[in-house]
Amino acid sequence: MIISKKMRRFIPSCEEFCYEEFPFYWLAKVQGIYTQQMEKALKKIGTDIPSWRVLFILKEQGKCSVSEISVHAITKLSTVTRIIYRMKAEGLIETNTHAEDGRVTEVSLTDKGLNLIVQAKQSTEKIFARSFDNLSEGQLLKLNQTLEQLYKNLAED
């Protein structure tokens, strides 16, 4: 692939590279500060980011298999399985064997899990409001389109 002169400052292997113009530099910084803020807020209500992800996936998707949760959470199946067992022990979720395929474990929310979602929403609301302050709906839509395109470009193999 040929890299145009205008694009060379964005490519780490090029002489003209400038890290402050590197999109992944900013993605890493945003992800880092987001993680710090979320961990702090969720710790106050006795939970963590992996549990938050599972709770909100189940809230959006309803009953899911462990492998579906793994795909949505972009987390290894073995890691999600450990998270699921921990959350089940905490009474946040329940698991059942799929009626048609005994190899599949289905996960669903309990009332305690639903209550934790309410607390998590309240605990993290300010983080998201502050994140998107001074951004228009159009900017957020464009950002999502751009990030989706980056994902597709990287997933092409």
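Quick note: the coordinates plus some simple rules give every number you see, no bench work behind them. Nothing here was measured: the structure is a model prediction, and the numbers come from that model. Reconstructed Cβ throughout: ideal geometry from the backbone, glycine too, with neighbour counts over all protein chains shown.
Rounded to the nearest whole Hz, the Karplus-based 3J(HN,Hα) values (6.51 cos²θ - 1.76 cosθ + 1.60, θ = phi - 60°) of the stretch 54-60 follow the sequence 4, 4, 6, 5, 5, 4, 6, with x at glycine and proline.
Roughly how many Å is it from the Cα centre of the stretch 7-44 to that of the stretch 90-157, as a whole number? Between the Cα centres of the stretch 7-44 and the stretch 90-157 lies a distance of 21 Å. When the square roots of the Cα gyration tensor eigenvalues are ordered a ≥ b ≥ c, the ratio a/c for the stretch 46-120 is 1.5 or more and a/b exceeds b/c, which makes its shape prolate.
Once C-alpha pairs closer than 8 Å and six or more residues apart are averaged by separation and normalised to the residue number of the stretch 1-56, the relative contact order reads 16 percent. Sequence-distant contacts, meaning Cα pairs under 8 Å at least 6 residues apart, place the relative contact order of the chain at 17 percent. Using a Gaussian network model of the chain in which every pair of alpha carbons under 10 angstrom is joined by a spring, one finds that among GLU39, GLU60, GLU16 the greatest mean-square fluctuation is at GLU16. Cα gyration tensor of the stretch 18-74, axes a ≥ b ≥ c as square roots of the eigenvalues: rounded (a/c below 1.5), prolate (a/b > b/c) or oblate? Oblate, because a/c is 1.5 or more while a/b does not exceed b/c.
Contact order, relative form, for the stretch 62-134: 29 percent (alpha carbon pairs under 8 Å, 6 or more residues apart, mean separation divided by residue count).
With the helix formula -39500 (n - 2.57) applied to DSSP H stretches of n ≥ 4, the chain reaches a computed 222 nm mean residue ellipticity of -20000 deg cm²/dmol.
(1) 108; (2) 154; (3) 162: which one is volume of the Cα convex hull per residue in Å³ as calculated from this entry? Recomputing volume of the Cα convex hull per residue in Å³ here gives the entry labelled (3). With a ≥ b ≥ c taken as the square roots of the eigenvalues of the C-alpha gyration tensor of the stretch 114-157, please select rounded if a/c is under 1.5 and otherwise prolate if a/b is larger than b/c or oblate if it is not? Oblate, since a/c reaches 1.5 and b/c is not below a/b.
Among PHE24, PHE128, PHE56, which one shows the biggest mean-square fluctuation in a GNM of the chain, springs joining Cα atoms closer than 10 Å? Largest GNM mean-square fluctuation: PHE24.
Considering only ALA120, ALA89, ALA73, the mean-square fluctuation computed in a Gaussian network model of the chain, springs between alpha carbons under 10 angstrom, is largest for ALA89.
Under a point-charge model restricted to the Cβ atoms of Lys and Arg (+1) and Asp and Glu (-1), what is the dipole moment magnitude of the stretch 46-120 relative to its Cα centre, in debye to the nearest 20?
Details: 9 positive and 9 negative charges, 50 e Å.
That gives a dipole near 240 debye.
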